[in-house]
Amino acid sequence: MRQQRIRIAAIDACELRQTGLRNGKVWQCGIEGRAFLRRMIDGKHVSCRIIDRDQYRRLVGHCFYKETDVGLAMVRAGLAESMLRYLPSSHPINLVEYGEAENSARDRRLGLWSAEIESPHLYRRAKKPPAH
């Protein structure tokens, strides 16, 4: 069985060291997101349909564990934002389902939506060293 790292399409999750405030306490968003993902897929057979390569040439895929869409599960749990703008035109992802999952997580104040925290893409932009 081949093991390969693949970026999950259509989501933007916290960076590992990213934190925010939840109920007045530091919340380790990245660590919680990684733990959720590990519980779902570590040691299991995950299938991914490669749909793209990102700007760094990393594989991007629509991934499933059994019938569970891994990216959609992260969005439903509030541990990732849906990120649909970079998908190639031929992608198989249900945009409505991802949007509804994010709205539901936001309405239920799950994960990212329960904390004072920067959006993951803004966090990364702020951490990027200035160009010379």
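The values are calculated or read from the model by the stated rules, or taken from the named source; none is laboratory data. For clarity, every value in this text was computed on a predicted model and none was experimentally measured. Quick reminder, even Gly has a Cβ in these numbers, built from the backbone with ideal geometry, and neighbours come from all protein chains shown.
Here E100 does not fit the description of being surrounded by 10 or more Cβ atoms within 10 Å (Cβ to Cβ), closer than 14 Å to D12 by Cβ and of a type in the set (D, E).
So for the range 75-84 (the condition being out of contact with any helix residue (DSSP H, G or I) (no Cβ under 9 Å at 6 or more places or on another chain) and modelled with pLDDT of 95 or more), does at least one residue qualify? No, every residue in the range 75-84 fails to be out of contact with any helix residue (DSSP H, G or I) (no Cβ under 9 Å at 6 or more places or on another chain) and modelled with pLDDT of 95 or more. When you look at F64, is it more than 15 Å from M83 (Cβ to Cβ), of a type in the set (F, W, Y) and out of contact with any Lys or Arg (no Cβ under 9 Å at 6 or more places or on another chain), yes or no? Answer is no for this residue. The single residue among E102, E32, E97 that is charged (D, E, K, R), farther than 22 Å from Y123 by Cβ and part of a helix (DSSP H, G or I) turns out to be E97.
Only residues that are acidic (D, E) and part of a loop (DSSP other than H, G, I, E, B) were counted in the range 61-81, giving 1.
Evaluation of F64 against the conditions (1) modelled with pLDDT of 95 or more; (2) among the aromatic types (F, W, Y); (3) more than 20 Å from Q4 (Cβ to Cβ) shows that the sole unmet condition is (3). Scanning the range 1-29 for residues that are more than 17 Å from the chain's Cα centre (by Cα) and part of a loop (DSSP other than H, G, I, E, B) gives M1, R2, Q3, Q4, N23, G24.
Filtering the range 81-89 for residues that are farther than 15 Å from A9 by Cβ and either free of Cβ contacts under 8 Å to residues at least 24 places away in the same chain or surrounded by 14 or more Cβ atoms within 10 Å (Cβ to Cβ) (or both) leaves an empty set. Just one of (1) modelled with pLDDT under 95; (2) within 15 Å of D12 (Cβ to Cβ) fails for P92. It is (2).
Of all the residues in the range 105-132, those that are part of a helix (DSSP H, G or I), surrounded by 12 or more Cβ atoms within 10 Å (Cβ to Cβ) and at pLDDT 95 or above number 6.
Each residue in the range 1-16 was checked for being touching a Lys or Arg at 6+ places or on another chain (Cβ under 9 Å) and among the basic types (K, R), and 2 of them qualify. I'd like the residue in the range 36-80 that is without any contact (Cβ under 8 Å) to a residue 24 or more places away in the chain and of a type in the set (K, R) and, out of all such residues, is surrounded by the most Cβ atoms within 10 Å (Cβ to Cβ). Here the answer is R53.
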